[in-house]
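First up is the structure itself, then whatever we jot down about it.
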Amino acid sequence: MELLTVRIVEQECLNPTVTKMVVEHEKISIKAKAGQFIILRVDANGERIPLTIADTDPIRHTVTIIFQIVGATTKKLNELQVNDMIYDFVGPLGKPSEIEGLKKVCVIGGGVGCAIAYPTAKALKIQGSEVVTIAGFRNKELVILENEFQQVSDRFYMMSDDGSVGQKGLVTDCLRNLLENESFDEVIAIGPLVMMKFVCQLTKEYGVKTIVSMNPIMIDGTGMCGGCRLKVGGKMKFACVDGPDFDGHEVDFDEAMARNTQYREFEHHAYETCCNLLKKEEDHA
Amino acid sequence: MPNMNVKRCEMPLQPKEVRSHNIEEVALGYTKEMAMEEAERCLHCKHKPCMQGCPVSIHIPDFIEEVKNGNFKEAYHIIKKTSSLPAVCGRVCPQENQCEKYCVRAIKGESVGIGRLERFVADWARENLQEENVKPVLNGHKVAIVGAGPSGLTCAGDLAKLGYEVTVFEALHVAGGVLVYGIPEFRLPKKIVEHEVDSLRQLGVHIECDSVIGRSETIDELFEEGFEAVFVGSGAGLPNFMGLEGENLKGVFSANEYLTRFNLMKAYDENSDTPIYRAKKCVVVGGGNVAMDAARSARRLGAEVTIVYRRGMEELPARREEVEHAMEEGVEFKLLTNPTRLFGHDGWVSSIECVEMELGEADASGRRRPVVKENSEFEITCDCVIMAIGTSPNPLIRSTTKGLETNPKGCLIVDEKGMTTRKGVFAGGDAVSGAATVIQAMGAGKKCAQSIHEYISNLNQ
Ligand SMILES: Cc1cc2nc3c(=O)[nH]c(=O)nc-3n(C[C@H](O)[C@H](O)[C@H](O)COP(=O)(O)OP(=O)(O)OC[C@H]3O[C@@H](n4cnc5c(N)ncnc54)[C@H](O)[C@@H]3O)c2cc1C
Ligand code: FES
């Protein structure tokens, strides 16, 4: 096969379990838009896993991914060094986030979900929208992308479960305060499924449109397997081609949470459950 | 004197008790002696009825004559004139509905084993002939192919031989289309597909895997990059579901997902990182080749398997041989049965409710339409359900390319030359016909290669 291996040009540990990697890929760096993802395979026996494109540099021809080490594949990926090659790297996949025309947006990132929320916040800022960001983490040790978010946000709120950084409390506590006092064109929430579910319950009360980014189990990422299917507004959707962004008020979160645990029982086998970015957070939630 | 045995020479098989525990090929292929003996059964009818059943008009009696005389190389050249993938088609074509259906020998016994002979010749050639794949002199024109399934690979090969610089863009990480992600190793060893792909490379065809056209780049961008024509052979990979209650329970898969994990990702292999659900009691819904492949794969992973199909034995659309092999391997068939809903426990599927059907009037396709028997509901306990009820063309290409028209089923509309409603964009295979067969896809790829050659020649006059 003429393999399109890609070279790793930077590798940085963002916190004890989260790694940032920058790879060379000219086409994706030029083409990718906020909200899209890639699928990679670490080596010849590797499984295909989706990761959101966290940033791109069309001049240096680089693409940034951020992942949490949760299973065999992300562990293998994390062991690679600068100048090592990744076997397969496909993208950009999925529909870009629809952000055109939004004037004021509240962007919410939960845990490693911040890596997915960041490119959207950045794109909003670039198009001139007012961006209010709420980032939630379990504790101080797990904070990522704080500076990056500061730079693209008009206001930035940090929440933590234990109060070791920012304010003590959940992102929904902060959001409720904001919604009491101001209005947004849209809320964009990305994080563990439970977090997105509760954000959506809250915004429904206030009648604010809410977009969430779904990361179910995927294989091909092209609409061929149906493994990534979810129920949205009572209809079956494939997250890899119809999403990953969906109207949060329409998503069946309970079903999505169940489906993401499909392969969790197979502990003896190397595997990744659900979105590699979100699993740990969910286990905790 | 021809061999007048009413039965064809038997195909050696792996014993059924052994093969349901491994993934090696089930049918082992004829030996030289068997092939020559079987070739003796051909009566060399003047009007060659078998040829009318072959979608690509292989000169069947001619190649069989060469086999009879032991001239396997000559036989191979005759087949290769009209078919690009004989080792594949000899294994997976539904011969009983094609060439063998018209064989005169079938009137008083079994037809000549045309498919088996084709397979023998192709396998012999792969093992014994050094094909000189000399890179043709380039003519300076570039063509892009979308999808590395049988249609795309065939189109690429024929164009490369005509001197075109051909690039195949494939979404997955390996070339082959359904031949690598769908049809299992035990029916079509992957080394055969690899061999075909390698010979294309030797002809100078570039194969770019990991390129999803419509996302990585669009068809319009391919034209901007200097490709003068595009062939779309993107298949019909979008899995259909029935829309039943409980279809999203854990343990319910599309056949495409199950087979992709099993074949493409080699999840049966301990060294593969990709997990696959190892069910105890699996129900497969559907009666085509896809259903048989899913059922037999699940069997090899240790499940008890039941196939549920809404029509009868006669109507099963799968190749007859696959149905026979599935039965021998212990797959149970519940025919005239249709699922109505799925029940779950703790989020996992625990049973499937079905109704009994009976066959009524013939429908538009000529097959008798199944109708529900009143109050016939019953449940089958299971921990896995695989939906193999058909696939449709993937909408990605048409939704990202202006001017590409499709019929209501999402199939690309083409003219008699294989050109779509977009100038310079040709299409063939399942993307045009909906899920069909390897040989039809290959035939369409061949036809489009000719059309593209004419089209580009005219453009540059
Ligand atoms: C499980 C199974 C068993 C079968 N068994 C038989 C059998 O026994 N006999 C038989 O004759 N037929 C069988 N078929 C049908 C047969 O495989 C198909 O008819 C045939 O493969 C169609 O060929 P194709 O070239 O049109 O498409 P495909 O083989 O589907 O190939 C299409 C290729 O295009 C790629 N692609 C799709 N979209 C894009 C894109 N946007 N960009 C880049 N690449 C893209 C896909 O990844 C794929 O590799 C079977 C099918 C299945 C699924
Ligand atoms: S990942 Fe296979 S259809 Fe979405």
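When the pairs B:32/B:101; A:95/A:197; A:209/A:235 are compared against a 23 Å limit on Cα-Cα distance, B:32/B:101 fall above it.
Hey, with R₀ at 22 Å, roughly what FRET efficiency would residue B:138 and residue B:221 work out to, going by the Cβ-Cβ distance, to 0.05?
Computed FRET efficiency for residue B:138 and residue B:221: 0.45.
Full extension of the chain segment joining residue A:85 with residue A:151 gains 20.6 nm, where the gain is 0.36 nm per residue of separation less the Cα-Cα distance. What separates the Cα centres of segment B:199-220 and segment A:34-109 is a distance of 22 Å.
Starting from the Cα of residue B:450, step 7 Å toward the Cβ, then list every residue of segment B:40-69 with an amide N under 19 Å from that point. Answer for segment B:40-69: B:51-60. The mean count of C-beta atoms from other chains within 10 Å of the C-beta of residues in A:256-263, rounded to a whole number, is 4. Taken as Cα centroids, segment B:29-72 and segment B:400-428 sit 37 Å apart, rounded to the nearest whole angstrom. With a simple spin-label model that places each label point 7 Å from the Cα along the Cα-to-Cβ direction, the separation between residue B:245 and residue B:415 comes to 5.2 nm. Once the convex hull of all Cα atoms in chain B is built, its volume per residue stands at 161 Å³.
The residue among B:283, B:272, B:262 whose Cα reaches farthest toward the positive pole of the charge dipole of segment B:203-347, with charges on the beta-carbon of Lys, Arg, Asp and Glu, is B:283.
Here is the result for segment B:190-251: no chymotrypsin sites (Phe, Trp or Tyr not before Pro) lie in DSSP coil with at most 13 other C-beta atoms within 10 angstrom of their C-beta. Residues of segment B:334-369 with an amide N closer than 18 Å to a point placed 7 Å from the Cα of residue B:378 along the Cα-to-Cβ direction: B:334-343, B:351-359. Among B:12-24, B:323-335, A:50-62, A:32-44, the peptide with the highest mean count of other Cβ atoms within 10 Å heads the list, and the full ranking is A:32-44, A:50-62, B:323-335, B:12-24.
At an R0 of 22 angstrom, the distance between the Cβ atoms of residue B:96 and residue B:363 translates into a FRET efficiency of 0.50. Normalised by the number of residues in segment A:104-260, the average gap of Cα pairs under 8 Å and 6 or more apart makes the relative contact order 19 percent.
With Cα atoms as the point set, the protein assembly as shown shows a radius of gyration and Dmax of 27.5, 98 Å.
Considering only Cα-Cα distances, which of the following residue pairs are longer than 29 Å: A:125/A:231; A:27/B:423; B:266/B:446?
Distance filter (> 29 Å) returns A:125/A:231; B:266/B:446.
Candidates B:184, A:213, B:318 compared by Cα position along the dipole of the protein assembly as shown: farthest toward the positive end lies B:318, with charges placed on Cβ. Applying 1/(1 + (r/R0)^6) with R0 = 35 Å to the Cβ-Cβ distance of residue A:205 and residue A:15 gives a FRET efficiency near 0.60. Beta bridges assigned by DSSP with both partners in segment B:263-406 are antiparallel in approximately 55 percent of cases.
Beta bridges assigned by DSSP with both partners in chain B are antiparallel in approximately 40 percent of cases. Residue by residue along B:164-174, Cβ atoms of other protein chains within 10 Å of the local Cβ number 3 on average.
Over chain A, with a single point scatterer placed on each C-alpha, what log10 of the ratio I(q)/I(0) does the Debye formula yield at q = 0.08, 0.10, 0.13, 0.16 1/Å? Evaluating at q = 0.08, 0.10, 0.13, 0.16 Å⁻¹ gives log10 I(q)/I(0) of -0.30, -0.48, -0.83, -1.31. Per-residue packing, averaged as other Cβ atoms within 10 Å, sorts the ranges B:363-369, A:231-237 into the order A:231-237, B:363-369, beginning with the highest. Within 10 Å of the Cβ of each residue in B:253-260, the mean number of Cβ atoms contributed by other protein chains is 5. Direction-averaged projected area, Cα convex hull, segment B:241-389: 9.2 nm², rounded to one decimal. As a length-normalised measure over Cα pairs under 8 Å and 6 or more apart, the relative contact order of segment A:1-72 settles at 31 percent.
DSSP beta bridges confined to the protein assembly as shown are antiparallel in about 50 percent of cases.
Readers should treat all values here as calculations from the given coordinates under stated rules, not as data from a laboratory. A quick note: this is a predicted structure, and the numbers were derived from the prediction, not measured. When we count neighbours, we look across all protein chains shown, and the Cβ atoms used for this are built from the backbone with ideal geometry, even at glycine.
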